[in-house]
1. To the nearest 10 degrees, how steep is helix 2-18 against the longest Cα principal axis of the chain, on a 0 to 90 scale?
2. Run the paramagnetic zone check for residue 73: 7 angstrom along Cα to Cβ, then residues of the range 18-34 with backbone nitrogen under 14 Å.
3. Taking the mean number of other Cβ atoms within 10 Å as a proxy for protection, how do you rank 56-66, 83-93 from highest to lowest?
4. Using alpha carbons only, how many angstrom separate the centre of the range 11-25 from the centre of the range 52-92?
């Protein structure tokens, strides 16, 4: 379970980094970007790393969105808590989150 949990968190962070959201995932499935195609299972391989089928990432992102969407909805601006992201932001925006490879 720990492997699956870590892979899912990494998937959500990388999806945010790559600009993949629950709203645009169907379009992103068709782009010609090797990293995006691998992450979404269009190019086979990602499922092997976690013992699931290749399209598991697509289903997770469609269901809950990327890390930023999850944070905003459950802890951030769209929640009753309204917690600022702060260091819980991507590194490219001054935070500490950096997508780890899922291989």
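1. Its long axis makes an angle of about 80 degrees.
2. 21-25
3. 56-66, 83-93
4. With the range 11-25 and the range 52-92 each reduced to a Cα centre, they are spaced 9 Å.
Bear in mind these aren't lab numbers, they're just calculated from the coordinates by the rules spelled out. In this text the structure is predicted, and so the values were computed from the model without any measurement. No Cβ is skipped: glycine too gets one built from the backbone with ideal geometry, and neighbour counts run over all protein chains shown.
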